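Step one of this worksheet: look at the structure below.
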Amino acid sequence: MINILETKNTYFSYPDGTDVLQDINLSVKQGEFLGILGGNGSGKTTLLKILNGLLKTTKGEVYLEENNIKSINKDILFRKVCTCFQNPEDQLFSSTVGEDIAFGPTNMGLPKEEVKRRVYYALEAVEMAAFADKTIHNLSFGQKKRACLAGVLAMDPKVMLLDEPTSCLDPMGVNAIMQLLRKLNKEDGITMIMTTHSVDLVPLFIDRVVILNKGKIMLDGKPEEVFSRAEIIREAKLRLPRIGHLFEILRKNDGVDFNNLPLTIGEAREEIRNILSR
């Protein structure tokens, strides 16, 4: 499987000399669902902006499909690597949902029929087919998040960059958005790169995790591998998923022995069944 995005020895500093990213070496495979975790100020959002070319590296290179993004036409780059910002108000600016989704494909110079097809597909994909003529300001926050996703999908991207996509959503809204992203990843093959503080979501939906701390990659691997390094997780101003933390306490304080640290309710249930059957 090819690397669809890759950074090599990437650094980024602001003009005042503040170092934000340091020696970032990251390879993302086509079709992966990657989660980038870190505390406030760890460099998560800056890394996304580096990956889509909104910010230029101070040092090092970024590659899309093995081509240096410096050599790629910006319009083509932004079509292939699309971003959903944390606040949907930063992304929605047309009067109606349908008009907003059509904006990108129309600016690509696509025929009207193709624009209509893409708008219909995108609305269906985010389960908002009945909202094409709805005004943006009448949408709920969760619906605005979905409308942003639809606008990105209409561009037919290879990679979606998502900055805290579940922020400010209620629990049902969080689950709905994550189920949607997982579906787009697994069924449509779109590579997902998502920043988040929500560690409990990671083992449920995400294939691979990168932990950022002070602009450096501290851990990179599958959720079960990464969350087994509790000390480094806490150094990065994060915590274990609640289930993992509970079993950590059971092992330390109550002498409960288990093979693998459970991170989800399903894993915990299986581990408890194993313990009870001994």
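3J(HN,Hα) couplings calculated from phi for segment 20-29 with the Karplus curve 6.51 cos²θ - 1.76 cosθ + 1.60 (θ = phi - 60°) are, in sequence order, 10, 10, 9, 6, 7, 10, 9, 10, 10, 7 Hz; Gly and Pro show x. With an a/c value of 1.5 or above and a/b larger than b/c for the gyration tensor axes a ≥ b ≥ c computed over the alpha-carbon atoms, segment 1-131 is described as prolate.
Rounded to the nearest 0.05, the FRET efficiency derived from the C-beta distance between Phe258 and Arg182 at R0 = 22 Å is 0.20. Cα-based radius of gyration for segment 3-228, normalised by 2.2 N^0.38 Å, reads 1.00.
What's the magnitude of the charge dipole for segment 124-205 around its Cα centre, counting Lys and Arg as +1 and Asp and Glu as -1 at the beta-carbon? Answer in Debye, nearest 20.
20
Fully extending the segment from Glu225 to Glu127 would add 31.8 nm, taking 0.36 nm per residue of separation and subtracting the current Cα-Cα distance. Applying the Karplus relation 6.51 cos²θ - 1.76 cosθ + 1.60 with θ = phi - 60° to segment 236-253 yields 3J(HN,Hα) values of 7, 6, 10, 9, 6, x, 3, 4, x, 5, 4, 6, 4, 5, 4, 6, 6, 9 Hz, where x marks Gly and Pro. Fully extending the segment from Asn138 to Ser27, taken as 0.36 nm per residue of separation minus the present Cα-Cα distance, adds 35.9 nm.
For Leu219, the residues 5 or more places off, or on other chains, whose built amide H falls under 5 Å of its own are Ile211.
Quick one: which of Lys70/Lys186; Lys158/Lys183; Lys183/Lys216; Lys112/Lys183; Lys8/Lys59 span more than 21 angstrom between C-alpha atoms?
Correct reply: Lys70/Lys186; Lys183/Lys216; Lys112/Lys183.
Our estimate of slack between Lys56 and Met108, defined as 0.36 nm per intervening residue step minus the Cα-Cα distance, is 16.3 nm.
Take the Cβ atoms of Leu276 and Cys168, set R0 to 45 Å, and the FRET efficiency comes out at 0.65.
When each of the peptides 134-140, 232-238 is scored by the mean number of other C-beta atoms lying within 10 Å of its residues, the order from highest to lowest reads 232-238, 134-140. Ordering of 179-186, 193-200 by packing is 193-200, 179-186, highest average first (other Cβ atoms within 10 Å, averaged per residue).
No value in this document is a laboratory result; all are computed from the given coordinates. Only a predicted model underlies this, so the values are computations on that prediction, with no experimental measurement involved. Don't worry about glycine lacking a Cβ; one is built from the backbone with ideal geometry, like all the others, and counts go over all protein chains shown.
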